[in-house]
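Colleague: Provided herewith is a single structure, encoded as structure tokens, for subsequent inquiry.
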Amino acid sequence: MNNDQKILNLLGLARRAGKLEAGEDIALKAIRNGKASLVFFASDGGSSSLKKFTDKTTSYDVPFCTKFTKAELADATGMPRTVIAVANRGFAKKMRQYLEQ
């Protein structure tokens, strides 16, 4: 199993544990409130939304990933969303480890 698959599996676990904030407005609120530990944005998402989330995650110093498509994120979480914020430090830490390898 490669690291991408491990990250997607962890996203599914985080979803079942109730540790994800999905959707643009909800994810933005999670970033502003300091709940988001890592943000996933679909690589095939809109460019204006991408800029908005890139700027927001940079200003709030939240790690940001555009590695997966909408379909991959939807398959992993069961939620057809472009933006998913991980609201748990443990899950986010492990996912970042896999992203850096």
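Residue-wise test of (1) of a type outside the set (Lys, Arg); (2) farther than 19 Å from residue 94 by Cα; (3) at pLDDT below 95.
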position	(1), (2), (3)
5	yes, no, no
11	yes, no, no
14	yes, no, no
30	yes, yes, no
35	no, no, no
45	yes, yes, yes
51	no, yes, no
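Colleague: Would you confirm whether any residue within segment 57-75 is in contact with a Cys (Cβ under 9 Å, 6 or more places away or on another chain) and crowded, with 17+ Cβ neighbours inside 10 Å? Outline the logic, then answer.
Modeller: Let us first name the residues in segment 57-75 that are in contact with a Cys (Cβ under 9 Å, 6 or more places away or on another chain), namely none.
No: segment 57-75 contains no residue that is in contact with a Cys (Cβ under 9 Å, 6 or more places away or on another chain) and crowded, with 17+ Cβ neighbours inside 10 Å.
Colleague: All but one of (1) in a helix (DSSP H, G or I); (2) modelled with pLDDT under 95 hold for residue 1; state the number of the condition that does not hold.
Modeller: (1)
Colleague: What is the residue count in segment 80-98 for residues that are under 12 Å from the mean Cα position of the chain (by Cα) and open to solvent by less than 50 Å² (accessible area, probe 1.4 Å)?
Modeller: Number of matching residues: 10.
Colleague: Considering each residue of segment 21-56, count those that are within 18 Å of residue 77 (Cβ to Cβ), open to solvent by 40 Å² or more (accessible area, probe 1.4 Å) and of a type in the set (S, T, N, Q), and give that number.
Modeller: Total satisfying the criteria: 1.
Colleague: Look through 50, 8 and report the one residue that is of a type in the set (A, V, I, L, M) and either in contact with a helix residue (DSSP H, G or I) (Cβ under 8 Å, 6 or more places away or on another chain) or under 22 Å from residue 101 (Cα atoms) (or both).
Modeller: 8
Colleague: crowded, with 21+ Cβ neighbours inside 10 Å, of a type in the set (A, V, I, L, M, F, W, C) and not in a loop (DSSP other than H, G, I, E, B), is that true of residue 7?
Modeller: Considered against the rule, which asks whether it is crowded, with 21+ Cβ neighbours inside 10 Å, of a type in the set (A, V, I, L, M, F, W, C) and not in a loop (DSSP other than H, G, I, E, B), residue 7 comes out as yes.
Colleague: Oh, and also: Assuming residue 18 fulfils every condition listed in (1) assigned to a loop (DSSP other than H, G, I, E, B); (2) loosely packed, with under 14 Cβ neighbours inside 10 Å; (3) at negative phi apart from one, which condition is it?
Modeller: (3)
Colleague: Going residue by residue through segment 14-36, is there one that turns out to be free of Cβ contacts under 8 Å to residues at least 24 places away in the same chain and touching a strand residue (DSSP E or B) at 6+ places or on another chain (Cβ under 7 Å)?
Modeller: No: segment 14-36 contains no residue that is free of Cβ contacts under 8 Å to residues at least 24 places away in the same chain and touching a strand residue (DSSP E or B) at 6+ places or on another chain (Cβ under 7 Å).
The values are calculated or read from the model by the stated rules, or taken from the named source; none is laboratory data. Just so you know, these numbers come straight off a predicted model, no measurement behind them. All Cβ positions, glycine included, derive from the backbone under ideal geometry; neighbour counts span all protein chains shown. Note: accessible area is taken over every heavy atom of the protein model, side chains too, but ligands, DNA and RNA are not part of it. Shrake-Rupley method; radii C 1.70, N 1.55, O 1.52, S 1.80 Å.
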